[in-house]
There are 2 protein chains.
Amino acid sequence: MIYDLIIIGSGPAGYVAAIKAGQRGLKTLVIDKKYVGGMCLNWGCIPTKSILESAKMLQKVRSAADFGISGIDTATLSFDWQQAVKRTQQIVSKLSRGIEFLWKKNGVEFLKAEAKILSPTQVEADKRVFETKNILIATGSRPAPRQDFVEALNLEELYSLESLPEKPLLVGRGANLVELAQFFNMIGKEPIILADELPLIPSLDSYLESFIQKKLKKDKIPLIPIAEATIKDKSIVFKDKEYPFDMAINVSFRDAVLPETVPDITLEKGFIKTDRFHQSSIPGIYAAGDVNGKSYLAHVASAQALEVIDTIMKVELPREDRSYPLNIYSEPEMAQIGMTEEQIKAAGIDYKVNQYSLNANGKALAEGTSEGFIRILYETKYHEVLGVQMVSEHATDLISEAGILMELEGTTFDLARTIHAHPTVAEVYMDAGSIE
Amino acid sequence: MIYDLIIIGSGPAGYVAAIKAGQRGLKTLVIDKKYVGGMCLNWGCIPTKSILESAKMLQKVRSAADFGISGIDTATLSFDWQQAVKRTQQIVSKLSRGIEFLWKKNGVEFLKAEAKILSPTQVEADKRVFETKNILIATGSRPAPRQDFVEALNLEELYSLESLPEKPLLVGRGANLVELAQFFNMIGKEPIILADELPLIPSLDSYLESFIQKKLKKDKIPLIPIAEATIKDKSIVFKDKEYPFDMAINVSFRDAVLPETVPDITLEKGFIKTDRFHQSSIPGIYAAGDVNGKSYLAHVASAQALEVIDTIMKVELPREDRSYPLNIYSEPEMAQIGMTEEQIKAAGIDYKVNQYSLNANGKALAEGTSEGFIRILYETKYHEVLGVQMVSEHATDLISEAGILMELEGTTFDLARTIHAHPTVAEVYMDAGSIE
């Protein structure tokens with residue numbers, strides 16, 4: 001038998017591609033050496049959001065008296081890590097089963113094994129050789145191992161800890177570092193950030209970067225640039241002050257996870273080099289998601305993977321410059337989409353920014369979460385929206401309105417003209433629109 | 001001095017119109033006999049959402065152990081009505097000050113007095129006569145007084161109660177009746193709904209109506225159609241069962257609140273009859289919001305009021321068939337926009353429904369709120385979206401993505417093509433989109 005497509009890796013690139021391939025009638029086999037759902041489902045996006053929701057729940061409980069909830073003794077409140085993990089595992093297992101169900105429903109086969117690409121049409125796994133017309137490498141990435149903290153905990157291991165460190169040292173950079181630091185802080189630990197580089201979150205608008213740095217400061221989470229630090233055995237010295245830690249956690253930038261391949265696939269900085277169609281240097285072998293080095297975002301991985309299926313099916317691809325959100329599940333949440341102010345300036349575009357605070361938003365006040373704002377960046381000629389940035393509870397969901405607006409090339413006039421329900425947080429889109 | 005515009009009433013029609021009129025340079029005077037912000041701000045939209053958030057907070061605290069929060073004795077939890085009201089008053093007062101600030105900033109004058117329209121160019125208030133070029137009546141509505149429950153509490157009085165009834169009888173119909181019933185239920189009271197008519201929520205798609213009726217049943221909130229009930233002094237008899245109540249609350253459909261007018265303005269079913277430009281039978285006298293009987297929604301009132309300003313300024317109005325959301329702040333929240341399935345059928349349009357459940361949505365599971373779904377109704381030729389319905393936590397905010405989509409006449413293909421961030425609840429829009 002010859003498969004139409006063999007997918008190696010089952011994260012947000014692999015599993016999404018498999019479902020769509022099945023729907024399109026392609027005979028598809030997914031091979032993953034470990035988990036269904038990959039890093040994102042098993043120890044990335046989903047588990048981190050689940051434990052963050054637990055920590056945010058603790059914050060809510062602490063503030064409940066203000067809402068009129070009596071009978072809570074905040075002094076007795078504590079965080080039960082084992083229970084938070086148990087809840088997380090239930091969610092992960094439910095979602096895994098959901099993926100396997102969708103695969104089965106769409107005729108996708110699955111094999112748990114290590115795969116080796118023998119040729120553009122042959123994959124070896126579980127001591128067998130599978131013939132295929134196309135191969136999609138979707139093996140993802142993992143935090144680069146650290147020379148400076150060789151014993152640092154890998155994020156994958158976090159969920160196996162029986163109890164959490166009191167003074168975790170988070171070494172690395174990126175959105176998940178910030179999320180993790182806030183997680184530890186919210187549950188009463190004393191995290192320290194040792195940043196490989198600043199800005200902390202690459203690709204983020206400097207306005208949001210500045211907001212999050214201020215927030216960390218307000219929460220008394222030390223942010224130490226590694227270049228200015230002296231690393232000792234169990235402490236960091238920075239500006240004459242010593243910061244002891246009891247566990248280092250590796251939240252470094254990621255390296256590609258490459259499958260074993262016989263054909264000589266071209267790499268670029270360690271990632272698989274691909275073209276517009278996510279095809280590697282070898283025709284018929286595609287690479288989508290983190291492994292091709294274009295982005296580390298799960299939804300971009302899925303979008304690329306869908307484009308691979310479109311390419312195989314000879315369907316025209318969506319336009320290349322589609323906007324996609326960058327979400328940070330911080331407290332409050334942050335989200336951005338489209339161009340940053342720096343990018344707009346660099347492109348020499350005449351632009352304006354409409355900014356609107358949440359502190360006069362009735363729904364945000366009713367929810368007790370009015371810290372935040374929206375910023376809409378648009379070009380001055382037609383008022384087409386180029387970028388949107390938000391800080392608010394649920395900003396990661398609210399940004400989707402900007403996504404559809406930008407997909408349809410909408411303007412700030414469209415935002416002002418669209419009737420938004422009252423009272424909603426989303427009214428800020430209308431408030432920040434432009435009067436004709 | 002001659003005003004360009006006198007606005008009578010300062011609810012979501014009046015205050016929004018005043019701000020925009022000021023921005024446009026119109027010499028504007030607002031007259032309100034009671035509150036800045038009208039019913040919506042003072043005892044409608046905002047206070048009800050605030051106390052609902054308090055009740056939802058109690059629900060969250062009850063479920064916190066599942067998230068890993070230890071140290072809460074759910075048996076000792078109770079609802080402190082006085083504190084919930086105090087918090088509500090702080091929010092209301094902050095928003096009132098915000099409105100007055102925006103008025104001042106835009107040169108709008110305010111007079112607290114009862115107004116009487118003497119002619120299309122003269123308004124009497126506080127024993128003075130003010131000359132004006134235009135008048136906007138934005139006096140709103142109030143629940144119709146009841147003949148069957150003459151002693152029923154008016155919603156306006158709810159916030160002055162020292163303590164809440166144990167078995168409130170909610171008489172009337174509509175979204176706020178459902179919200180109030182769930183509020184009482186969530187804080188441990190035993191509400192009874194006595195419905196003037198079914199469906200409970202007019203204009204709601206029957207799919208959502210059926211969902212909310214099932215939810216009320218599950219929560220053991222009796223729903224009794226008044227036509228089948230026998231009303232006794234302190235109880236309702238329905239199907240041989242007696243339902244005692246200790247306080248009746250009037251949540252009836254609303255009557256217009258009409259200002260005293262000398263000129264003979266044409267009414268229709270008790271509301272001021274207006275044309276496309278929200279102009280009454282008397283040129284120069286406009287009526288926006290509940291008082292014209294077109295809608296009871298705050299955001300529609302605001303939209304109408306802005307159209308009045310556009311008309312006065314001779315700016316072309318937005319298209320007449322703009323969609324607007326209908327939000328119900330129930331538990332879970334419900335929202336709809338555009339045509340209902342019944343309306344689409346009645347119009348003879350070929351349509352399809354894409355429905356997608358939240359129970360495989362990673363973010364909803366992480367938040368612990370995966371009860372819900374999205375339904376997208378679209379015509380089959382171009383796949384243009386005609387209506388969207390949602391049930392989910394924050395559905396009232398999430399519906400705004402559908403708002404902008406429909407304003408821009410988008411399709412289900414656009415939804416599927418737009419990259420939605422992972423993990424988000426908003427991904428259901430993409431999931432429920434159509435593959436090309």
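The values are calculated or read from the model by the stated rules, or taken from the named source; none is laboratory data. All of these numbers come straight from a predicted model, not from anything done at the bench. So basically every Cβ, Gly included, is an ideal-geometry build from the backbone, and we count neighbours across all protein chains shown.
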**Complete:** Inside the range A:279-289, the number of residues satisfying the requirement of being within 25 Å of A:Gly174 (Cα to Cα) and either surrounded by fewer than 24 Cβ atoms within 10 Å (Cβ to Cβ) or within 13 Å of chain B (Cβ to nearest Cβ) (or both) is 1
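Taking into account only those residues within the range B:9-61 that are of a type in the set (Phe, Trp, Tyr) and either crowded, with 23+ Cβ neighbours inside 10 Å or touching a Phe, Trp or Tyr at 6+ places or on another chain (Cβ under 8 Å) (or both), which is modelled with the highest pLDDT? Even if it seems obvious, please write down each step before you answer.
Step one: list which residues in the range B:9-61 are of a type in the set (Phe, Trp, Tyr), which gives B:15, B:35, B:43.
Of the ones still in play, those that are also either crowded, with 23+ Cβ neighbours inside 10 Å or touching a Phe, Trp or Tyr at 6+ places or on another chain (Cβ under 8 Å) (or both) are B:15, B:43.
Values: B:Tyr15: 97, B:Trp43: 91.
Ranking the qualifying residues of the range B:9-61, first place goes to B:Tyr15.
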**Message:** Between a residue in the range B:267-285 that is under 19 Å from B:Leu118 (Cα atoms) and any residue that is surrounded by fewer than 22 Cβ atoms within 10 Å (Cβ to Cβ) and at pLDDT below 95, which pairs come within a Cβ distance under 6 Å, given they are 6 or more apart or on different chains?
**Reply:** B:Ile282/B:Pro263
**Request:** Scan the range A:342-370 for residues that are of a type outside the set (Lys, Arg) and over 20 Å from B:Ser400 (Cβ atoms) and report the count.
**Result:** 11
**Request:** Quickly run through the range B:34-87 and pick out the residues that are in a loop (DSSP other than H, G, I, E, B) and either at negative phi or not assigned by TED's automatic domain parsing to the domain that holds B:Ile19 (or both).
**Result:** B:Lys34, B:Tyr35, B:Val36, B:Trp43, B:Gly44, B:Ile72, B:Asp73, B:Leu77, B:Asp80
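In the range B:34-62, how many are closer than 16 Å to B:Pro12 by Cα and either touching a Lys or Arg at 6+ places or on another chain (Cβ under 7 Å) or of a type in the set (A, V, I, L, M) (or both)?
So the count comes out to 5.
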**Fill in**
Exception for B:Val262 within (1) more than 19 Å from B:Pro145 (Cα to Cα); (2) touching a Gly at 6+ places or on another chain (Cβ under 9 Å) falls at (2)
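Given the criterion within 23 Å of the chain's Cα centre (by Cα), in a strand (DSSP E or B), closer than 25 Å to A:Thr88 by Cα and not assigned by TED's automatic domain parsing to the domain that holds A:Val308, identify the matching residue among A:Val178, A:Val171. So that I can check it myself, show each step before the final result.
On the way: A:Val178 fails: in a strand (DSSP E or B).
When all the criteria are applied, what remains is A:Val171.
State whether the residues of the range A:28-39 include one that is facing chain B (nearest Cβ under 10 Å) and either hydroxyl-bearing (Ser, Thr, Tyr) or touching a residue at least 60 places away in the same chain (Cβ under 8 Å) (or both). Before you say what the answer is, go through the steps one by one.
In the first step, residues of the range A:28-39 are kept if they are facing chain B (nearest Cβ under 10 Å); the result is A:37.
Next, only the ones that are either hydroxyl-bearing (Ser, Thr, Tyr) or touching a residue at least 60 places away in the same chain (Cβ under 8 Å) (or both) stay: A:37.
Yes: one or more hits.
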**Message:** Show the residue pairs meeting these rules: Cβ distance below 9 Å; 6+ apart or different chains; first residue within the range B:391-403 and under 11 Å from B:Ser323 (Cβ atoms) and more than 7 Å from chain A (Cβ to nearest Cβ); second residue hydroxyl-bearing (Ser, Thr, Tyr) and surrounded by fewer than 24 Cβ atoms within 10 Å (Cβ to Cβ).
**Reply:** B:Ala402/B:Ser323
**Filtered residue count, the range A:300-323, keeping only those that are more than 10 Å from chain B (Cβ to nearest Cβ) and over 21 Å from A:Pro283 (Cα atoms)** = 1
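For the range B:357-367, how many residues are more than 7 Å from chain A (Cβ to nearest Cβ) and at pLDDT 95 or above?
Quick first cut of the range B:357-367, residues more than 7 Å from chain A (Cβ to nearest Cβ) only: B:357-359, B:361, B:364.
Those still in the list that are at pLDDT 95 or above too: B:357-358, B:361, B:364.
Within the range B:357-367, residues that are more than 7 Å from chain A (Cβ to nearest Cβ) and at pLDDT 95 or above number 4.
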**Message:** Quick check on the range B:81-94. Is at least one of its residues of a type in the set (Lys, Arg) and either over 27 Å from the mean Cα position of the chain (by Cα) or under 22 Å from B:Ile309 (Cα atoms) (or both)?
**Reply:** no
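With the condition being of a type in the set (Gly, Ala, Ser), assigned by TED's automatic domain parsing to the domain that holds A:Leu26 and modelled with pLDDT of 95 or more, I'd like the strands (runs of 3 or more DSSP E) fully within the range A:90-130 carrying at least 1 qualifying residues.
Working: elements: A:109-112, A:115-119, A:122-125.
Ranges flagged: A:115-119, A:122-125.
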**Complete:** In the range B:64-95, anything surrounded by fewer than 15 Cβ atoms within 10 Å (Cβ to Cβ), among the small types (Gly, Ala, Ser) and more than 7 Å from every other protein chain (Cβ to nearest Cβ) is listed as B:Ala75, B:Ser93
**Item:** Enumeration of residues in the range A:251-262 that are surrounded by 15 or more Cβ atoms within 10 Å (Cβ to Cβ) and either of a type in the set (Val, Ile, Thr) or more than 22 Å from the chain's Cα centre (by Cα) (or both)
**Value:** A:Val251, A:Val257, A:Pro259, A:Thr261
**Asked** Looking at the range B:326-377, which of its residues are over 27 Å from A:Met57 (Cα atoms) and basic (Lys, Arg)?
**Response** B:Lys345, B:Lys352, B:Arg375
**Request:** Report, by residue number, each residue of the range B:333-366 that is closer than 21 Å to A:Ser54 by Cα and buried (at least 24 other Cβ atoms within 10 Å of the Cβ).
**Result:** B:Leu358, B:Asn361, B:Gly362, B:Lys363, B:Ala364, B:Leu365, B:Ala366
